[in-house]
């Protein structure tokens, strides 16, 4: 699926902006002691950290860990002004977030070029999400360019801002208060060389955002890792209840019913994190809760079809199967909604509307399934 995006700097119409007041409380600039900084570049305000476009092994390994949700919120760079290559007074200024993966994607796309990189403090959140959360904002950009004394560094008054950051930036207000004009860059960092060579004019293709399979699957590791802890806790609870229920000994009871319960929880997690991402364009419905529900149904039915391999000693009753269909599908539907913040399918208002409707239904389905499962285990 592809959509055409349009910059929205006009929607706020140059709203008033609080004045920046430099002083002891001002945020310090970018530190030169960060591992990826290769030197310094002298400009009017002083020395600026200098970075290279080429990513090192530690940069790539750090991004891989962040993809797996390991050290995700410490994967940041200092906010401030950086020189890429031999940046000078006429070099373009590109704005980005202080999430290191965003910073690395930007500089690696600009190999062989001299640019200034103005990094905003977005609390370690990428540009698109930070614009929606209010940390990639007009005020933060205004404060950052004022504190970095950018007007003394460059001879022009232009900032290239990523188009996905447009919901958080009022270009008219920024120009009114700082004198810097916002130029909306392309959607993808990889299009920046062609954009710069084309006198900062974007082609229609540069305004198009798609969500291909590779990008969807790149989100899976962090989604799985975030769900794993809760899933293991849930599996432990069902294992314990399986052993305590019935008339037999604890461990035979766990093998009888608990093993299948563990696989049913895993099926819900796989449906909501892996299948929802992989099959997103083809799953029925527009709402992610519905897409997650269909993925959960498919995942659970696959488990039932192959239960002789995963729990050969257990015969599934109709009540238990219905209970786990409700619970596993509710888990998958809930996890499927996590993709609302990273896709091109939804808007902020649409996400809020969907969650208000979906979460009570998901909770109700899980509660009903749990009651049916307890009845199958303890009373029937």
Regarding the stretch 247-254, can at least one residue be identified that is touching a helix residue (DSSP H, G or I) at 6+ places or on another chain (Cβ under 9 Å) and in contact (Cβ under 8 Å) with a residue 40 or more places away in the chain? no
If only one of 214, 205, 228 is under 19 Å from the mean Cα position of the chain (by Cα), without any contact (Cβ under 8 Å) to a residue 24 or more places away in the chain and either on the phi > 0 side of the Ramachandran plot or surrounded by fewer than 19 Cβ atoms within 10 Å (Cβ to Cβ) (or both), which one is it? 214
Scan the stretch 45-57 residue by residue and report those that are over 26 Å from the mean Cα position of the chain (by Cα) and in a strand (DSSP E or B). 46, 47, 48, 49, 50
Checking residue 60 against (1) touching a residue at least 12 places away in the same chain (Cβ under 8 Å); (2) closer than 28 Å to residue 221 by Cβ; (3) part of a helix (DSSP H, G or I), only one condition comes out false. Which one? (1)
Taking the stretch 203-228 and keeping only residues that are within 19 Å of residue 101 (Cα to Cα) and touching a helix residue (DSSP H, G or I) at 6+ places or on another chain (Cβ under 8 Å), one is left with 209, 216, 217, 218, 219, 220, 221, 222, 223, 226
Within the stretch 307-330, restricting attention to residues that are within 18 Å of residue 258 (Cβ to Cβ) and loosely packed, with under 15 Cβ neighbours inside 10 Å, which residue is modelled with the lowest pLDDT? 313
Flagged in the stretch 88-128 as part of a loop (DSSP other than H, G, I, E, B) and buried (at least 24 other Cβ atoms within 10 Å of the Cβ), in numbering order, are 98, 122
If you scan the stretch 63-79, which residues turn out to be farther than 17 Å from residue 224 by Cα, outside any helix (DSSP H, G or I) and either in the same structural domain as residue 218 (by TED's automatic domain parsing) or under 19 Å from the mean Cα position of the chain (by Cα) (or both)? 75, 76, 77
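Quick one: which residue in 296, 243, 272, 258 is assigned to a helix (DSSP H, G or I), touching a helix residue (DSSP H, G or I) at 6+ places or on another chain (Cβ under 7 Å), under 25 Å from residue 377 (Cβ atoms) and in contact (Cβ under 8 Å) with a residue 60 or more places away in the chain?
Only one candidate passes the filter, namely 272.
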Can you tell me which residue among 339, 366 is at pLDDT 95 or above, in a helix (DSSP H, G or I) and surrounded by 16 or more Cβ atoms within 10 Å (Cβ to Cβ)? 366
Being at pLDDT below 90, in contact with a helix residue (DSSP H, G or I) (Cβ under 6 Å, 6 or more places away or on another chain), in the same structural domain as residue 168 (by TED's automatic domain parsing) and not in a loop (DSSP other than H, G, I, E, B), is that true of even one residue in the stretch 26-44? yes
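The values are calculated or read from the model by the stated rules, or taken from the named source; none is laboratory data. Every value quoted in this text rests on a predicted model; they were computed, and no experiment measured them. Please note: Cβ atoms are built from the backbone with ideal geometry, for glycine as well, and neighbour counts cover all protein chains shown.
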